[in-house]
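Here's the structure, in structure tokens; my notes come after.
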């Protein structure tokens, strides 16, 4: 049981948890405001990671700077997706009737296209780079500088984002949209604009997280998929559309995963994540913090 | 059509391509095998997902489980009994896991089905590692010509099954679930039982397909047997073919198998990109698929003529 009390493990769990919180925040915005099931979400992580990798290997720019470029590029993709396809999709009543299923198939197709395009350009090989790899020691915890930076930057950005979305006027408008789309249009919220910004911010945050992740693990075209799964686990745990719940659930999943793997072994990682996921869907589809009714 | 005429038709559909197995080349038999395999898989997908609207993105879980059961009992029982047993075991397993899984509805079910396939894949991987097996060869399988005929029989069987269910009381119940599950339950459709039956039925066929497929590939590897691309291909085939009825997917399957034959070996990425693009295009522009688009336009034409 000693292993469960190790501060080293605690730090690892915090890092994973913060990244999950950040990524699922993006997914939550998109699902909450538009009811789009973005199963290509993890691919934005992958794109962000490739942006950081390219920035480092071509221009020698570190991920702490290129993460803003990743956010802008992914946000731009969000804008493009909204203006080209999703805007019409959300206006089409025939598709809107089965929006969740249709958007899921749509994003599934997009995910496959994106992954394979990236494979064509960058090959399926694992890529990576060295960045702040010196060991830092804080209160008995030994971390590489990169992991420490990820922890600090990830925490700051996710907390700022949650606070902004809770207290700013735009955040309030978005919350209104999450609660009731029709009613928010009635009280004068520009639904179209809020939807577009939700998508841009959601994609951008996720791309930024991807740039941070690029220093932690090998970069491959299929690296995003586990994050898609984790993000869905998190937002279902936290309650769909509940940003604060999602933030806590992200941390919780990070802890469950890191400590679970420490107890059982690395080959159980996927089993743990999928097991938690299936268990939650079957036993508490309204989320851990949710109330009796299933949000639809 | 009288029953005996139907019977003759079905017999002809089996006998004509079946007789090819005597003289067609190995290559042609291979393509035929793949074609029949996907016809069987797509038809079995329709029984659950097409009719009830419970879209499964993890249909490969039945395929892989069937293959796994088959390699575990390989050599212990006669070959064709092994195939039937794989189907039975997986169908029985589907009844057990279907009970909790089918309580989850709509988009949640879609994601769950995918997660379930990955979960089973990882459990099989762990189990294989624990037994110190990295890959399992299957020696002494029947020749391709026999496997080809077996697959043909499965494909025809699955098509007839889907065709029959679609026109039965059972099928009407399943479709009422798709239209409005609450309403169906209220007027007395035994929703839970019908879903479970459809789930089990749609699992038996792919399990047997998986068993036969493993004899053809000669080796069992969890990563291949539970490859999500198989699930993805099935969904795309049905979406392209369209409709919740048996004839729809035949078009989609034929089209994609040809595409696969041309591209998969040398340009897998291009194949996947085309597949993804097709899925996107059909969801956006022709959600009913080729079949419903054709029948809509043909019936419009007939009306104009009259």
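Every read-out reported here was derived from the displayed coordinates using simple, explicitly stated rules and does not represent laboratory data. Just so you know, these numbers come straight off a predicted model, no measurement behind them. Here Cβ is always computed from backbone atoms with ideal geometry, including for glycine, and neighbour counts include all displayed protein chains.
Points to keep in mind about this one:
- Taking the number of Cβ atoms within 10 Å of each Cβ as an exposure proxy, the fewest-first ranking of A:264, A:220 is A:264, A:220.
- Cα pair distances exceeding 15 angstrom across the stretch A:101-148, given as percent: 66
- Helix-only [θ]222 nm of the protein assembly as shown, DSSP H runs n ≥ 4, -39500 (n - 2.57) each, per residue, nearest 500: -25000 deg cm²/dmol
- Counting only other chain Cβ atoms within 10 Å of each residue's Cβ, the peptide A:267-277 averages 5.
- Packing-based exposure ordering (other Cβ within 10 Å, fewest first) of B:162, A:144: A:144, B:162
- The stretch A:185-228 - Rg and Dmax from Cα coordinates, angstrom: 15.5, 48
- Size-normalised alpha-carbon gyration radius of the protein assembly as shown, reference 2.2 N^0.38 Å: 1.00
- Gaussian network model of chain B, springs between alpha carbon atoms under 10 Å - residue of B:47, B:258, B:240 with greatest fluctuation: B:258
- Test item: A:224-232 mean partner chain Cβ contacts at 10 Å: 2
- Shown here is the pair-distance distribution of the stretch A:117-181: with all Cα-Cα distances grouped in 10 Å bins from zero up to the longest one, the shares run 17, 22, 22, 26, 13 percent.
- For the stretch A:145-296, the direction-averaged projected area of the alpha-carbon convex hull comes to 10.4 nm².
- Shape metrics for chain B, restricted to C-alpha atoms - Rg then Dmax, Å: 19.4, 70
- Within the listed set B:129, B:158, B:286, the Gaussian network model of chain B (springs between alpha-carbon atoms below 10 Å) gives the highest mean-square fluctuation for B:129.
- 10 Å Cβ neighbours from other chains, averaged over peptide A:116-124: 3
- Spatial separation of Cα centroids for the stretch B:149-211 and the stretch B:42-102, in angstrom: 13
- The radius of gyration of the Cα set in the stretch A:27-133, together with its Dmax, comes out at 16.1, 53 angstrom.
- Rounded to 10°, Cα long-axis angle of helix A:99-122 versus longest principal axis of chain A: 40
- By the compact-protein rule of thumb, 2.2 N^0.38 Å, the alpha-carbon radius of gyration of the stretch A:18-223 corresponds to a ratio of 1.08.
- Footprinting exposure proxy ranking of B:236, B:186, B:52, fewest other C-beta atoms within 10 angstrom first, gives B:186, B:236, B:52.
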